[in-house]
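Encoded as structure tokens, the structure appears first; notes follow it.
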Amino acid sequence: VPATEYHPRSGNASYQPMPYATFIDGARDQMAHVLNAEPLFETYALNKAGSQLYGMICFPSPVTGMTLSIALRSSYDKTLANEVAIGAAPPVCANGMFRGEHMIKAKHTTNVFDTLARMLAEITDTAVGPVVERMREVQGWRDIPVHDDLFAAYMGVLFGRGLVKAQEFTA
């Protein structure tokens, strides 16, 4: 972990990196507490000689065949803030793109440990219910036979209501 850097005038931390293990443990523990469950699996990757972390922790959900996931990313090279995304399957792309239905971001600055702990508590408390609700809604659609035109019509309605973004719509 790189050393903390301090602002010369204020003495506040201008760069205070959070150890990856601390970040991961905090996210896992908070999500496990809210769900009262242990993770089903975890996966992590380091990029750029270990200076960037990407990870996913997946928990059981009340919807069969789906998991509640918490995606993470951070860096030791000042390129990424500590970020968390919660969803049914928040993507972490090979090019570093990161998004989810519910997200937080905390820069590596003064009080990052307290700030991130507070933000993790807030996001896990508020995100899990809406994510499970959407998962149940999607599960209810699984058995509906849909032809190409009908699917396109559904997608148009979802896009028009803002439930599907442009990038998701074209995918």
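The values are calculated or read from the model by the stated rules, or taken from the named source; none is laboratory data. Computed from a prediction, not measured in an experiment: that's the story for all the values here. With ideal geometry, Cβ positions are generated from the backbone for all residues, glycine too; neighbour counts draw on all protein chains shown. For accessibility, only protein heavy atoms count, side chains too; no ligands or nucleic acids. Shrake-Rupley method; radii C 1.70, N 1.55, O 1.52, S 1.80 Å.
Among the residues in the range 34-51, are any among the basic types (Lys, Arg) and touching a residue at least 12 places away in the same chain (Cβ under 8 Å)?
yes
Hey, can you tell me all the residues within the range 19-40 that are buried (at least 16 other Cβ atoms within 10 Å of the Cβ) and either of a type in the set (Phe, Trp, Tyr) or assigned to a loop (DSSP other than H, G, I, E, B) (or both)?
Passing the criteria: 20, 23, 39.
For every residue, the table says whether it meets (1) in contact with a Pro (Cβ under 7 Å, 6 or more places away or on another chain); (2) open to solvent by 10 Å² or more (accessible area, probe 1.4 Å); (3) small (Gly, Ala, Ser).
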| site | (1), (2), (3) |
| --- | --- |
| 42 | no, yes, no |
| 45 | no, yes, yes |
| 58 | yes, no, no |
| 63 | no, no, no |
| 71 | yes, no, yes |
| 75 | no, no, yes |
| 90 | no, no, no |
| 115 | no, yes, no |
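Suppose we keep only residues that are closer than 14 Å to residue 87 by Cα and polar (S, T, N, Q) within the range 123-170. Which one would you say is most open to solvent (accessible area, probe 1.4 Å)?
The extreme case among them is 126.
Collect the residues in the range 160-169 that are closer than 19 Å to residue 100 by Cβ and not charged (D, E, K, R), keeping them in residue-number order.
Scanning the range 160-169 gives 162, 163, 164, 166, 167, 169.
Using the structure shown, decide if residue 74 is within 30 Å of residue 140 (Cβ to Cβ), out of contact with any Lys or Arg (no Cβ under 8 Å at 6 or more places or on another chain) and in a strand (DSSP E or B).
No.
Starting from the range 140-161, take each residue that is under 29 Å from residue 62 (Cβ atoms) and list its partners that are of a type in the set (Gly, Ala, Ser) and open to solvent by less than 100 Å² (accessible area, probe 1.4 Å), counting only C-beta distances under 8 angstrom and pairs at least six apart or across chains.
Pairs that qualify, where the first residue is under 29 Å from residue 62 (Cβ atoms) and the partner is of a type in the set (Gly, Ala, Ser) and open to solvent by less than 100 Å² (accessible area, probe 1.4 Å), are 159/166.
So residue 95 ticks every box in (1) within 30 Å of residue 78 (Cα to Cα); (2) at pLDDT 80 or above but one. Which box is left unticked?
(2)
Can you find a residue that is under 21 Å from residue 89 (Cα atoms), touching a Ser or Thr at 6+ places or on another chain (Cβ under 8 Å) and either open to solvent by 40 Å² or more (accessible area, probe 1.4 Å) or not in a loop (DSSP other than H, G, I, E, B) (or both) anywhere in the range 4-18?
Checked the range 4-18: no residue is under 21 Å from residue 89 (Cα atoms), touching a Ser or Thr at 6+ places or on another chain (Cβ under 8 Å) and either open to solvent by 40 Å² or more (accessible area, probe 1.4 Å) or not in a loop (DSSP other than H, G, I, E, B) (or both).
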